[in-house]
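Chemist: Take a look at the following structure, please.
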Amino acid sequence: KPIRGKGNVDNTASADTYAPRMDSVGRTIQSPWEVVIRVAKPIRGKGNGKKSHPVRRSASSHGQGGDDETAFWGYANIENKEAPTADTAYLLASVSKLFVATAIMQLEERGLLSLGDDVNTLLPDGFPSIRNPSYPNVPITVRQLLTHTGSIRDDWSVIDESYVYDAVDPEISLQAFTKTYFTPSMSKSYRSKHKPGTDYAYANMGYSLLGVIVEEIGKSSFEQFTQTNIFKPLGMDPASWLIEGLLDSGASIAMPYRWQKRDRKFVEYGHYTFSGAPDGGLRTSVDGLGAFVKMVLNDGVSTSGRRILKALTLKKMLRQATPVEDWQGLGWYESEVDGGGVWGHGGAEQGVSTMLMVDRRRGRAVVVLTNGDDAFEGDDDYEMLDMFWDW
């Protein structure tokens, strides 16, 4: 399924049709997926005779959350020879969208918005009208933004300009960036042939709009709302859409890398941020995501007994939420892993590949976080998860 990634247009290629990607100057790059498969095989008892990628595993029991098992490969930071731990913060890319959906549904539970609301009624004063110019009388709704059916277009020539590569938070706020983006003269922000609610087109900027709605209706910054209503109640630490606070706290943050084939080495991108953080900018640890998936498995209640979502709300989120695609829920999508019925999200960014899947029928979940480009190409995400599913 489509995941966040610059220039990620074709998401239909299978493992059999995988072709090497090119880096920014036209050199062929290796997919870290090959590395993941190689170092993962010893866990399955098949052995590969290589000892250059040590595997560390730990297991623990967490009461309502059941049994955990965690494994780590390679480095969070190659230069410093820093090994990852359960507390290392990784950029989640589009797995972040699950937390946007959670925040929206919390507001829906409180009666502050409805999924069928015209988003224009929820945005701040002075915000551009969110209407597809080809269909000016057709409202774009909250549900359509959550399910990527609102005819929103990602104009990367504009989005790229919001990236900051100096390990600092963006100077342009989420609201200011999104307001500018949807100003008609500033971007190609709509798909002219898509009537809202009738076609699927993956849209990161739709989730930036949802973030603005959370700020306006929740009367708080997006960072503060999610800290207060999701991260802290779940015990997710570290967890933040901003990087400066994480760095100041001394948190371990995984450095994102790309593979440089010519010199046969990984090259760091550096820590970066972007103004449209809700569509993919959350950083947290495997333990943080573990707390989140346990809440989902436990009908919306955290392991400490705090209710994050109502059980009925989770059922609404984890089922078909649009007539356009039967696998698209509210923020979540249904995976083909284990024959279907497994819900989650994937993510891809520069130097980041992530995956989260939950099977509420069997009470199990898998989280995979990597700090390398293109770990999941085409159908490889299903192969990867199938491997861990039987671990």
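Chemist: Would you mind listing how long the stretch 257-383 runs along its three principal axes, going by Cα atoms, in whole Å with the largest first?
Modeler: 52, 32, 28
Chemist: Can you list, bin by bin at 10 Å, the percent of alpha carbon pairs in the stretch 226-284, starting at 0?
Modeler: 20, 42, 25, 10, 2
Chemist: Can you pull the percent of Cα pairs in the stretch 274-318 with separation above 16 Å?
Modeler: Result: 49 percent of Cα pairs exceed 16 Å.
Chemist: Tell me, what HN-Hα J-couplings in whole Hz come from the Karplus equation 6.51 cos²θ - 1.76 cosθ + 1.60 at θ = phi - 60° for each residue of the stretch 143-159, using x for Gly and Pro?
Modeler: Result, ordered by residue: 4, 5, 5, 5, 9, 6, 10, x, 6, 7, 10, 8, 9, 5, 5, 8, 4 Hz.
Chemist: Output the pairs from Lys97/Lys179; Lys188/Lys316; Lys219/Lys316; Lys195/Lys316; Lys97/Lys188 with a Cα-Cα distance over 27 Å in this structure; if there are none, say none.
Modeler: In this structure, Lys188/Lys316 lie more than 27 Å apart at Cα.
Chemist: Which of the trypsin sites (Lys or Arg not before Pro) found in the stretch 174-234 are in a DSSP loop and have at most 15 neighbouring Cβ atoms, other than their own, within 10 Å?
Modeler: Lys188, Lys193, Lys219
Chemist: While we're on this one: Just to confirm a number: summing +1 for Lys and Arg and -1 for Asp and Glu over residues other than Pro184 whose beta-carbon lies under 14 angstrom from that of Pro184, what do you get?
Modeler: Surrounding charge for Pro184 is +3.
Chemist: Could you give each residue of the stretch 84-96 its phi-based ³J(HN,Hα) in whole Hz, using Karplus coefficients 6.51, -1.76, 1.60 with θ = phi - 60°, and x for Gly or Pro?
Modeler: The phi angles translate into x, 10, 5, 9, 6, 7, 10, 5, 8, 6, 6, 4, 4 Hz.
Chemist: Follow-up question, since we're still on this one. Could you tell me which of Pro184, Ile230, Gly218 has its Cα farthest along the dipole of the stretch 135-273 towards the positive end, charges placed at Cβ (Lys, Arg +1; Asp, Glu -1), taken about the Cα centre?
Modeler: The residue sitting farthest along the positive end of the dipole is Pro184.
Here, each number is a calculation from the coordinates, and none is a lab measurement. The model shown is predicted, which means the values in this text are computed figures rather than measured ones. Cβ atoms come from the backbone with ideal geometry, glycine included; neighbour counts cover every protein chain shown.
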